[in-house]
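What follows is a short report on a single structure.
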Amino acid sequence: MRLVSIFASGALVASCGGGVAGSSSASPGSATFSGTVRGNSLTPHDATAAVVSFSANGVPGKAAVIAITSATGLCSRLASGKEPKSTQYLLLTPFKIQPDFSAIPPPAPGVYSVGALTIENGVAVFSATDAVCKASPASTVRAASGQITLTAVGSRYTGSYQLTFDFGDTISGTFDAPVCAGVDALQAGQGTLTCE
């Protein structure tokens, strides 16, 4: 599985794909992470966000994707046509379901439930890539339940998360992720970027 699959899984449980739009902020992102997933912890060095377009069962939509990562400078790397190798990711994807069942990025701060069928919904995925920027199915795990709490949306997504995985692992933390403008975050893992 390539990193694009991680972003797509984070965008929605169904099949996804698309691009990024938005504005960026001058100050870098930051995050905290407490707990383990299948014995793996993550030491955050960056947090960045994107708005991803996708289609789920023929219904177009958009969602926010917040990437908390062990690599530094994720936005600038993607903008330079590069992606980091041997990197851990926590992808948080909050979205709001519309009456026509399409999704939009979170329009306001609030609590977005993971693993529940709610109007304000979310998906969370923990993953790691290897030395050639590939993620294996064994290292990619979706949270079974929890919540993503947003305190700000727009050009930056800030807030916290509390997540539980099927095998009993729990993680929690905070994030302050500026939107990365002008790049397609879904290029990562497709072989079009330089793995470094």
Name the residues in region 142-155 that are open to solvent by less than 50 Å² (accessible area, probe 1.4 Å) and modelled with pLDDT under 95, would you? 154
Take the conditions touching a residue at least 60 places away in the same chain (Cβ under 8 Å), among the β-branched types (Val, Ile, Thr), assigned to a strand (DSSP E or B) and over 18 Å from residue 196 (Cβ atoms) and apply them to residue 93. Does it pass? yes
Please specify each residue of region 58-76 satisfying the condition of being in a helix (DSSP H, G or I), open to solvent by 10 Å² or more (accessible area, probe 1.4 Å) and under 17 Å from residue 127 (Cβ atoms). none
Can you say whether residue 124 is surrounded by 22 or more Cβ atoms within 10 Å (Cβ to Cβ), touching a residue at least 24 places away in the same chain (Cβ under 8 Å) and under 19 Å from residue 71 (Cα atoms), as far as the supplied structure shows? yes
Of everything in region 77-90, what is within 18 Å of residue 130 (Cβ to Cβ), open to solvent by 10 Å² or more (accessible area, probe 1.4 Å) and without any contact (Cβ under 8 Å) to a residue 60 or more places away in the chain? Give them in sequence order. 86, 88
Hey, any hits in region 1-11 for a residue that's modelled with pLDDT under 80 and touching a Pro at 6+ places or on another chain (Cβ under 8 Å)? yes
Can you spot a residue in region 41-52 that is in contact (Cβ under 8 Å) with a residue 40 or more places away in the chain, assigned to a strand (DSSP E or B), closer than 18 Å to residue 97 by Cβ and open to solvent by 40 Å² or more (accessible area, probe 1.4 Å)? no
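The values are calculated or read from the model by the stated rules, or taken from the named source; none is laboratory data. Everything numeric here is computed off the predicted structure, so don't read it as measured data. Every residue, glycine as well, gets a Cβ built from its backbone with ideal geometry; the counts of neighbours run over all protein chains shown. Just the protein is used for accessible areas: all its heavy atoms, side chains included, with ligands, DNA and RNA removed. Shrake-Rupley method; radii C 1.70, N 1.55, O 1.52, S 1.80 Å.
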